[in-house]
Structures are given as structure tokens and as C-alpha cells.
Ligand SMILES: C[S@@+](CC[C@H](N)C(=O)[O-])C[C@H]1O[C@@H](n2cnc3c(N)ncnc32)[C@H](O)[C@@H]1O
Ligand SMILES: O=S(=O)(c1ccc2c(c1)CN[C@@H](CF)C2)N1CCSCC1
């Protein structure tokens with residue numbers, strides 16, 4: 001592991017501003033729900049369809065690098081008893097805690113996301129019921145460091161039934177070897193036969209989150225597939241989305257997004 005690079009990343013993340021990050025990525029015009037052609041409906045569809053197979057279920061799902069977002073957990077909450085959110089930064093863990101406990105007067109409005117997921121899941125579930133269900137299942141919000149051999153430390157002994165991670169490993173690693181090592185570290189959190197859903201950036205090298213510019217490890221589709229294959233996973237599904245020029249607004253240089261559903265060999 002590149003200890004100096006990892007330490008520099010950690011130092012940079014101290015200036016990560018959750019609200020600025022949400023503003024850059026999760027509000028209009030970038031967050032457009034009017035057509036499945038737009039990236040946010042595309043991401044939510046990938047997750048809803050994966051969970052709708054019924055193959056990804058169990059007691060505990062861990063979200064690696066939750067950040068200040070919950071959209072990635074909306075379709076999972078029907079299939080797991082317990083959802084564990086994790087993040088490196090206390091400011092993000094507090095953001096999620098405040099959303100769960102309705103303690104965020106100036107909090108982020110996730111209702112468009114929840115309403116969209118209820119619509120595409122087609123179960124006629126009122127969005128406020130889904131919101132309450134997720135809040136009830138989000139039972140732990142833990143500190144994590146993907147660069148540690150045991151990312152959750154002693155806080156979590158049992159391997160999880162499933163992992164999910166969105167835009168974390170490539171955005172938290174200083175270089176490809178550190179990314180690969182972090183991938184091995186998080187794989188230890190998953191039980192054999194468990195499923196891993198990952199959404200991430202393709203060929204991105206930086207992103208902004210307020211005053212700070214964070215570096216990202218540029219990854220290709222081949223890189224991602226190789227990472228899963230060489231770490232003992234069977235790939236069930238892979239989709240990618242090419243970022244249209246209209247969505248390139250300077251807050252990052254992301255070229256595309258990938259979705260992968262893989263299963264750890266038993
Ligand atoms: C680009 S954000 C992704 C947030 C969210 N999952 C999403 O989909 O938008 C990257 C996240 O990785 C977290 N992170 C940074 N360094 C980390 C580390 N060493 N271990 C785990 N998470 C880390 C950051 O705090 C941040 O929340
Ligand atoms: O869902 S996204 O594809 C998305 C969402 C989050 C991120 C990126 C992209 C790219 N930079 C990542 C930094 F790690 C964070 N999206 C980008 C276009 S507008 C809506 C949000």
C-alpha cells in the first residue's frame with residue numbers, strides 16, 4: 001500500500017463538504033428524472049432490477065463508503081433485515097444519522113429519488129412507507145477505512161451477506177495498486193457466496209466537493225471486470241453509461257459510469 005498517498009488522500013478528505021458534493025451530483029440539472037436515458041434513473045434502474053431478481057437477499061448488507069447519500073439503498077431495503085452504512089468521515093456519518101432520525105432541518109430532500117424507485121419497482125408502495133422502511137433497517141452507521149486489512153476494525157466480526165458500494169474505492173485510493181489492495185480488504189467483509197453490487201466512475205481523475213479537489217483512480221471497464229475476476233468473483237451482470245456532454249459541468253471529469261453485480265465464489 002502507498003502509505004504516503006493514502007495519508008494524503010485522508011488529509012484531503014478532511015475538507016470534503018457533503019452539501020457541496022450533493023449539490024454537484026444529486027440536484028437538478030444533473031439529477032434529471034424525466035427520462036431513463038439520464039444517469040440517475042439509469043443507476044436506480046440497475047439497482048432495482050438487480051434486487052428484483054430475488055437472488056440478492058439475506059440478513060445484513062454493508063454499504064462501503066456511503067457518504068451523505070442513501071439512494072443506493074432504496075431497493076435493497078426490501079431484501080435485508082439490517083443495512084449497515086459506513087464512511088471514513090464523521091461529517092458523512094452524521095449526515096446519514098440526521099436523515100435517519102429526522103434531525104436534519106436543512107437536510108437533503110431524497111423524496112424525488114424515493115418516489116422514482118417506488119415507481120420503477122411497480123409495487124404501488126407509497127414513497128413515505130419506503131422511506132420509513134429504510135430508516136428502520138439502517139441500524140448501524142460505522143466508521144470505515146478501506147485501506148486497512150480489516151476495514152471495519154473490531155466493530156464487525158461476521159462477514160456480510162452482501163456488499164454495495166457506489167463511487168468509493170476509486171475515489172478513496174491514490175493509485176491502482178492501492179485500489180486493488182482496498183478491493184481485497186473489502187472482499188474480506190463479504191461471506192463466500194455473497195453478492196457485491198458496485199457503481200463507480202469510468203476514466204475519472206478528479207472531482208470537486210466544495211473547496212477540495214479529490215483525485216480519483218481512472219478505471220476502464222476492463223480494469224473493473226479484472227478486479228472482480230482476480231479477487232474470486234463471478235460476474236453476473238455489467239452495464240455502463242456514457243456521460244453526455246451536457247452533464248459534464250466541471251465538477252469532475254467522469255467519462256462514464258459502470259454497474260456491476262458479482263458473486264464471491266463459495
Ligand atoms: C465520491 S464519495 C461516494 C459517496 C456515495 N457512496 C455516492 O454514491 O455518492 C466517496 C466516499 O468515500 C469515502 N472515503 C474516503 N476515504 C475512504 C476510506 N479510506 N475508506 C472508506 N471510505 C472512504 C468518502 O468519505 C466519501 O463519502
Ligand atoms: O450519478 S452520477 O453519474 C455521479 C454521482 C456521483 C459521482 C459521480 C457521478 C462522478 N464523480 C464521483 C466522484 F467519486 C461521484 N451523476 C453524474 C451526472 S449528474 C447526476 C449524478
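Data table
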quantity: Condition met for residue 214 (more than 16 Å from the chain's Cα centre (by Cα), surrounded by fewer than 21 Cβ atoms within 10 Å (Cβ to Cβ), within 10 Å of ligand 1 (Cβ to nearest atom) and not in a loop (DSSP other than H, G, I, E, B)); calculated: yes
quantity: Conditions (1) touching a strand residue (DSSP E or B) at 6+ places or on another chain (Cβ under 6 Å); (2) more than 15 Å from ligand 2 (Cβ to nearest atom): number failed by residue 211; calculated: (1)
quantity: Residues located in the stretch 15-40, provided they are more than 10 Å from ligand 1 (Cβ to nearest atom), in a loop (DSSP other than H, G, I, E, B) and modelled with pLDDT of 95 or more; calculated: 15, 17
quantity: Selection status of residue 83, under 23 Å from residue 28 (Cβ atoms) and surrounded by 15 or more Cβ atoms within 10 Å (Cβ to Cβ); calculated: no
quantity: Among the candidates 258, 196, residue that is assigned to a strand (DSSP E or B) and either within 16 Å of ligand 2 (Cβ to nearest atom) or at pLDDT below 95 (or both); calculated: 258
quantity: Residue in the stretch 44-62 that is within 9 Å of ligand 1 (Cβ to nearest atom) and modelled with pLDDT of 95 or more present; calculated: no
quantity: Answer from 182, 229 - the residue that is surrounded by fewer than 19 Cβ atoms within 10 Å (Cβ to Cβ), free of Cβ contacts under 8 Å to residues at least 60 places away in the same chain and not in a strand (DSSP E or B); calculated: 229
quantity: The lone exception for residue 28 - which of (1) within 12 Å of ligand 2 (Cβ to nearest atom); (2) under 26 Å from residue 183 (Cα atoms) it fails; calculated: (2)
quantity: Residues of the stretch 185-211 classified as crowded, with 21+ Cβ neighbours inside 10 Å and either away from ligand 1 (no atom under 16 Å from the Cβ) or free of Cβ contacts under 8 Å to residues at least 24 places away in the same chain (or both), total; calculated: 2
quantity: Options 33, 51, 16: the member that is within 15 Å of ligand 2 (Cβ to nearest atom) and surrounded by 20 or more Cβ atoms within 10 Å (Cβ to Cβ); calculated: 16
quantity: Residue match in the stretch 117-132 (condition: part of a loop (DSSP other than H, G, I, E, B), in contact (Cβ under 8 Å) with a residue 12 or more places away in the chain and either within 19 Å of the chain's Cα centre (by Cα) or at negative phi (or both)); calculated: no
quantity: Every residue from the stretch 81-100 that is touching a residue at least 12 places away in the same chain (Cβ under 8 Å) and farther than 19 Å from residue 168 by Cβ; calculated: 81, 82, 100
quantity: Exclusive hit being without any contact (Cβ under 8 Å) to a residue 12 or more places away in the chain and on the phi < 0 side of the Ramachandran plot, set 60, 53, 66; calculated: 53
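The values are calculated or read from the model by the stated rules, or taken from the named source; none is laboratory data. It should be emphasised that the depicted structure is a prediction, and the values quoted were computed from it without experimental measurement. Methodologically, a virtual Cβ is constructed for each residue, glycine included, from the backbone with ideal geometry; neighbour enumeration extends over all protein chains shown.
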